[in-house]
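The structure appears right after this line, and notes come after that.
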Amino acid sequence: MTQDFFPADTVFSVSQITDLIKGILENSFRSVKIEGEISNWRPSAAGHIYFTLKDNNAQIKAVIFRNAAYKLAFKPKDGDKVRCTGSLSVYAPQGNYQIIINTMELAGTGNILQMLEERKKKLAAEGLFDSEKKKALPLYPKTIGVVTSPTGAAIRDILNVSKRRNPNINITVLPAIVQGEEAAQTIVKMIEIANFYKLCDVLIVGRGGGSLEDLLPFSEESVVRAIAASKIPTISAVGHEIDWALCDYAADKRAPTPSAAAEMAVPILSDIQQNITFYKNDLYNSIKQKIEKTRLMIKSFNPQNFEVQFRNIQQPLLNRYAYAKENLVKNMQDKIKDLRTRILNNKTILENASPDTILQRGYSMVTDEEGKIIRNADQVSSGSKIIVKPARGSLKAIVE
């Protein structure tokens, strides 16, 4: 149907033009098959399921009502590539068109999830997710850095939780684009700035919930590497509890929500005050006990009994000194006596072995004219002159 069916000056109300579009679409597409990738899968409490079907160039809202949802043969999730049969419908209050799905079957693995899985394996193989590289969060940080959108719900949640837990903590917001093609670049830049200027003690990187596509910047390789290289301890807080991104694996801690990240990073002020009070009292009591003990010790050393106390300490030392001196003198005397006895014995031995002593006993020493001692009769011949030396004097003789 074209404008030719209506006069050129016809003016439609919004409801009228919407009803016309609704009629054309719903009558023309009563039964269609659409193949695409599931995104932003949201079951409702009533049993209906709302999500988006997408490909590389376009997307369409989709709904599966409760009766049809019960008949699904599998449990769909974000990233699944599916083939759906249903009819197009227009939701007039919002002016949106959607497909009401009657049946749905798997058509293969979604391109996004496959890409993320391959990227995850690659980065894990490089060691970016190793647990031994994780840094501990500081117990008492002064400043919390937050890389996120300055106007999003995430920063409001973090500020509210931080103010409630500890209003003395400083929050430094590093504004970043968190969705779209430029998001990864700005996130990396803010992480690098925080580290270069040492702007904080803990760095929260994240955003509020969204579709799988909305969260893709936090799975970009550049963002994951920047978080892994951060010298500042990091907390990844991307989306809601069921959401995930590759930066969750690289960060030192992963929080299910931005609010939970604030609870991890910000200590409760009242707890800190209680700890300080406890340690102050403990220190005070310890010092008080030591002072009392010292006072009692000093009190016992008054002028009246100071000499007695001193004598009690000195006397055992004097006794030890006297005993040691006595033992030392006795040992030296015994040593001298022993040495004297040994000297006298050696003297006697030497005197008994002296030639003079032997000659005094009646022995004589016989030599030839040259003074050579004759020990054997074979050393001289008949007519030889010899000299005989008794204890006193000497005798000359001729051998016959």
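The values are calculated or read from the model by the stated rules, or taken from the named source; none is laboratory data. Owing to the predicted nature of the structure, the values given are computational and were not obtained by experimental measurement. Backbone-built Cβ (ideal geometry, glycine too); neighbour counts: all protein chains shown. Note: areas computed on protein heavy atoms with side chains; ligands, DNA, RNA excluded. Shrake-Rupley method; radii C 1.70, N 1.55, O 1.52, S 1.80 Å.
Among 34-40, 341-347, sorting by the average number of other beta carbon atoms lying within 10 angstrom of each residue, highest first, gives 34-40, 341-347. Per residue, the chain exposes 67 Å² of accessible surface when a 1.4 Å probe is rolled over the protein heavy atoms with every protein chain present. In plain terms, if you count all Cα to Cα distances in segment 333-385 and split them into 5 Å steps from zero, the share in each step is 4, 15, 15, 13, 12, 11, 8, 7, 6, 5, 3, 2, 0 percent. When the accessible area of segment 142-255 is computed with all protein chains present and a 1.4 Å probe, what percentage of it is carbon and sulfur? C and S fraction of accessible area: 52 percent. If you take the square roots of the eigenvalues of the alpha-carbon gyration tensor of segment 256-400 and sort them as a ≥ b ≥ c, do you get rounded (a/c under 1.5), prolate (a/b over b/c) or oblate? Cα axes put segment 256-400 in the oblate bin. Bridge orientation summary for the chain: considering DSSP beta bridges with both residues in this region, about 65 percent are antiparallel.
Counting only lysines at least 8 places from Lys75 when in the same chain, those with an alpha carbon closer than 29 Å to its own are Lys33, Lys54, Lys61, Lys120, Lys121, Lys122.
Using a Gaussian network model of the chain in which every pair of alpha carbons under 10 angstrom is joined by a spring, one finds that among Glu192, Glu326, Glu241 the greatest mean-square fluctuation is at Glu326.
Using the beta-carbon distance between His48 and Lys198 and R0 = 56 Å, what value does 1/(1 + (r/R0)^6) give for FRET efficiency, to the nearest 0.05? Taking R0 as 56 Å, the efficiency between His48 and Lys198 is 0.65.
About its Cα centre, the dipole of the chain is roughly 2920 debye, where the only charges are +1 on Lys and Arg Cβ and -1 on Asp and Glu Cβ.
Add +1 for every Lys or Arg and -1 for every Asp or Glu among the other residues with Cβ under 15 Å from the Cβ of Gly362, and state the total. It works out to a net charge of +2. Taking 1.002 mPa s as the viscosity and 20 °C as the temperature, the Stokes-Einstein diffusion coefficient of the chain based on its alpha-carbon Kirkwood radius rounds to 67 µm²/s. Here segment 76-181 carries DSSP beta bridges of which approximately 65% are antiparallel, counting only pairs with both residues inside. Using C-alpha pairs below 8 Å separated by at least 6 residues, the relative contact order for the chain is 9 percent. Using 0.36 nm per residue and subtracting the Cα-Cα separation, the extra length available between Leu359 and Ile60 on full extension is 93.2 nm.
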